[in-house]
Amino acid sequence: MLLLINSSQANAQRFFEFGGGFSPWSESHVAGATTEKTPFHAYVEYGNFLQHYSISARYDFSSQYQLENYELNPWFFGLFLNRKLLSFGSYRYEVEVIGGAGLLLEQHRFLDRGNNQVPGYELEEERASGPGFAGRFGAKLLVGKFVGSLFLEMFRSQQDFTAGQFEQQTFQTGSNRLTLSIGYRLNRENNEVTCPTYF
């Protein structure tokens, strides 16, 4: 069977979504580090229902991890490609199961709050930036034009810091997170009752 879709139908299936949220669980890839502050984020997303793909941009901030007397404050900009794997629902709601991957531009602030064995390093601050990558898997619940989402995410990156030593050391500065978001989606069509669909 050949399915033809004209440009007006394709345009009707496009959507724009924006929102924000936080990570109630976050674990740094720096061994032994503890989470001191909850990460927050804001995002925008653009996609097409017929193609099952979307692109999203994200700004993540407010993270803080502690390792002994060291404090790491990362934040990043990310660009993600998302793929809808499964969807089901009715005219009242829809559930989408989504997988995705992305590229990151990360900024890191590394603060040494003091080392009694190395005088002169108290409150020394280092900054570094560089690329990283991410993977994510989760689900979205759409009710009307409102969207709630839950994702398990992994961010991978590494940066070099002196960290109280005489030579720079490489740290795995990424993290694993469970992320909750609330958003608003524009131009979403109301659908009839549907059976689960796989793509």
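The values are calculated or read from the model by the stated rules, or taken from the named source; none is laboratory data. Note that this is a predicted model, so its numbers are computed, not measured. Neighbour counts run over all protein chains shown; Cβ positions are idealised from the backbone, glycine included.
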- Task: Answer with yes or no whether residue 167 is of a type in the set (Asp, Glu) and either surrounded by 14 or more Cβ atoms within 10 Å (Cβ to Cβ) or in contact with a Pro (Cβ under 8 Å, 6 or more places away or on another chain) (or both).
- Result: no
- Of all residues in the stretch 50-62, which are assigned to a strand (DSSP E or B) and crowded, with 16+ Cβ neighbours inside 10 Å? 54, 56, 58, 60
- Task: Need at least 3 residues that are under 21 Å from residue 38 (Cα atoms) and in contact (Cβ under 8 Å) with a residue 12 or more places away in the chain per element, so show me which strands (runs of 3 or more DSSP E) inside the stretch 124-187 make the cut, counting only ones lying wholly within it.
- Result: 124-143, 146-156, 175-186
- Message: For the stretch 72-110, give me each residue that is of a type in the set (Asp, Glu) and touching a Gly at 6+ places or on another chain (Cβ under 6 Å).
- Response: 106
- Since residue 65 meets every condition but one in (1) crowded, with 16+ Cβ neighbours inside 10 Å; (2) hydroxyl-bearing (Ser, Thr, Tyr); (3) within 16 Å of residue 147 (Cβ to Cβ), which condition does it not meet? (3)
- Note on the structure: Those residues of the stretch 68-83 which are over 16 Å from residue 157 (Cβ atoms) and part of a strand (DSSP E or B) amount to 70, 71, 81, 82, 83
- Residue hits (the stretch 21-49; closer than 21 Å to residue 183 by Cα, over 17 Å from the mean Cα position of the chain (by Cα) and assigned to a loop (DSSP other than H, G, I, E, B)) are 49
- What about residue 173, is it surrounded by 18 or more Cβ atoms within 10 Å (Cβ to Cβ) and at pLDDT 95 or above? no
